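Student: The following block contains the structure, expressed as structure tokens.
The values are calculated or read from the model by the stated rules, or taken from the named source; none is laboratory data. Everything numeric here is computed off the predicted structure, so don't read it as measured data. Virtual Cβ from ideal backbone geometry, glycine too; neighbours counted across all protein chains shown. Protein only, heavy atoms only, side chains kept; ligands, DNA and RNA dropped before computing areas. Shrake-Rupley method; radii C 1.70, N 1.55, O 1.52, S 1.80 Å.
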Amino acid sequence: MGFRHKDIIALKDLNKEEIQLLLDTADSLSEINRRDIKKVPTLRGKTVINLFYEASTRTRTSFEIAAKRLSADAVNITASTSSVTKGETLSDTANNLLAMKPDIIVMRHSISGAHEYLAKRVSCSVINAGDGAHEHPSQGLLDMLTMRQKFGKLEGLKVAIVGDITHSRVARSDIYGLTTMGAHVFLAGPPTMMPIGIERLGNVTVCKDMREAVDQADVVMMLRIQLERQGKTLLPSMREYARYFGLNPAVLSLAKKDAIVMHPGPINRGVELSSVVADCDQSHVLKQVENGVAVRMAMLYHVCGGEPVE
Ligand code: CP
């Protein structure tokens, strides 16, 4: 089966076979990242523009590394050092970049839906590197790859996602991806950070107590509090948040013995994760980052029309 999408905007848009194809391709391509010479000619002659309107360490760097490992030319633009600071609109910026004939624009933007708007107006492929509180599909894919490598499957897994669900694009992509692949998602977080009706997204259970979500879980995914997206204070204090929704060894002991701990980063140590848990053997946080390169290679490869990798 080939990949029929010009753009990757949201995991909500992908079916089980398409997600499986991206994960299988990432698994195959990950071998390149372990070689001495980490480069193949697959996307030679292609140009990738990374257009970031918001801060990023992991996503921007790994999209750039992914493009370079596939021999594409990668160019990075950060809004703070571009003509966006002079008032240029997204549409004008896109048209000017398009005049330079890129094959793919990878964009991060603070506005949910900015990518859909862009993708309708440009002929090149658009990949969403995070839009507001909407979706972060490459993060969702790398999370699923990390879980699949550990457990050999996604179907039937109990995945606890804990924290600021309302403002988390990671939570949304994880929920769409995981439920499409047959996992059962349990959510926990402060009532002020839990969207009403979120359980209607699929095989999703909302828990009042974090311990109910973590109990016998295969995966415990902790989320960062998105203070930059909260219009008003939604928490009495960070200390209280850590007490009720932080993951410490006692709460983690409720999960299955071989459960893994995940976090998309950046971590607020002592808030959503205690340092002991962040650095324990069950923590797969750096494995997620490692898998981010392979997943982004797979995304770039397939929007360029790549055939399934054997
Ligand atoms: N997980 C994630 O999106 O990290 P960055 O903001 O550093 O890209």
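Student: Only one of (1) polar (S, T, N, Q); (2) at pLDDT below 95; (3) out of contact with any Leu (no Cβ under 6 Å at 6 or more places or on another chain) fails for Ser138. Which number is that?
Tutor: (2)
Student: Pairs only if they're at least six apart or on different chains, beta carbon under 9 angstrom, first in the range 74-91 and open to solvent by 60 Å² or more (accessible area, probe 1.4 Å), second of a type in the set (Gly, Ala, Ser); list them, first residue then second.
Tutor: Ser80/Ala55; Thr85/Ala79; Glu88/Ser82
Student: From the set of residues in the range 1-35 that are among the β-branched types (Val, Ile, Thr) and in a helix (DSSP H, G or I), which is nearest to Gly113 (Cα to Cα)?
Tutor: Top of the filtered list is Ile19.
Condition check ((1) at pLDDT 95 or above; (2) among the aromatic types (Phe, Trp, Tyr); (3) away from the ligand (no atom under 16 Å from the Cβ); (4) under 23 Å from Leu286 (Cβ atoms)) across all residues:
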{"position": "Phe3", "(1), (2), (3), (4)": "no, yes, yes, no"}
{"position": "Phe52", "(1), (2), (3), (4)": "yes, yes, no, yes"}
{"position": "Thr59", "(1), (2), (3), (4)": "yes, no, no, yes"}
{"position": "Leu70", "(1), (2), (3), (4)": "yes, no, yes, yes"}
{"position": "Val75", "(1), (2), (3), (4)": "yes, no, yes, no"}
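Student: What pairs can you find where one residue is in the range 285-299 and without any contact (Cβ under 8 Å) to a residue 24 or more places away in the chain, the other is open to solvent by 20 Å² or more (accessible area, probe 1.4 Å) and within 13 Å of the ligand (Cβ to nearest atom), and their Cβ atoms are less than 8 Å apart, with a gap of 6+ or different chains?
Tutor: none
Residue-by-condition table, conditions (1) away from the ligand (no atom under 15 Å from the Cβ); (2) crowded, with 21+ Cβ neighbours inside 10 Å:
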position: Arg239; (1), (2): yes, no
position: Tyr244; (1), (2): yes, no
position: Pro249; (1), (2): yes, no
position: His263; (1), (2): no, yes
position: Ile267; (1), (2): no, no
position: Gly270; (1), (2): yes, no
position: Val285; (1), (2): no, no
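Student: Also: Could you list, in sequence order, the residues of the range 36-67 that are surrounded by 17 or more Cβ atoms within 10 Å (Cβ to Cβ) and assigned to a helix (DSSP H, G or I)?
Tutor: Arg58, Thr59, Arg60, Ser62, Phe63, Glu64, Ile65, Ala66, Ala67
Student: Every residue in the range 135-155 that is over 14 Å from Leu178 (Cβ atoms) and either assigned by TED's automatic domain parsing to the domain that holds Asn96 or buried (at least 24 other Cβ atoms within 10 Å of the Cβ) (or both), please.
Tutor: Of everything in the range 135-155, just one residue is over 14 Å from Leu178 (Cβ atoms) and either assigned by TED's automatic domain parsing to the domain that holds Asn96 or buried (at least 24 other Cβ atoms within 10 Å of the Cβ) (or both), namely Ser138.
Student: Residues of the range 216-237 being at pLDDT below 95 and either open to solvent by 90 Å² or more (accessible area, probe 1.4 Å) or under 19 Å from Arg169 (Cβ atoms) (or both), which ones? Can you show your working first?
Tutor: So the first thing to find is which residues in the range 216-237 are at pLDDT below 95, and the list is 224-237.
Answer for the range 216-237, where residues must be at pLDDT below 95 and either open to solvent by 90 Å² or more (accessible area, probe 1.4 Å) or under 19 Å from Arg169 (Cβ atoms) (or both): Arg224, Ile225, Gln226, Leu227, Glu228, Arg229, Gln230, Gly231, Lys232, Thr233, Leu234, Pro236.
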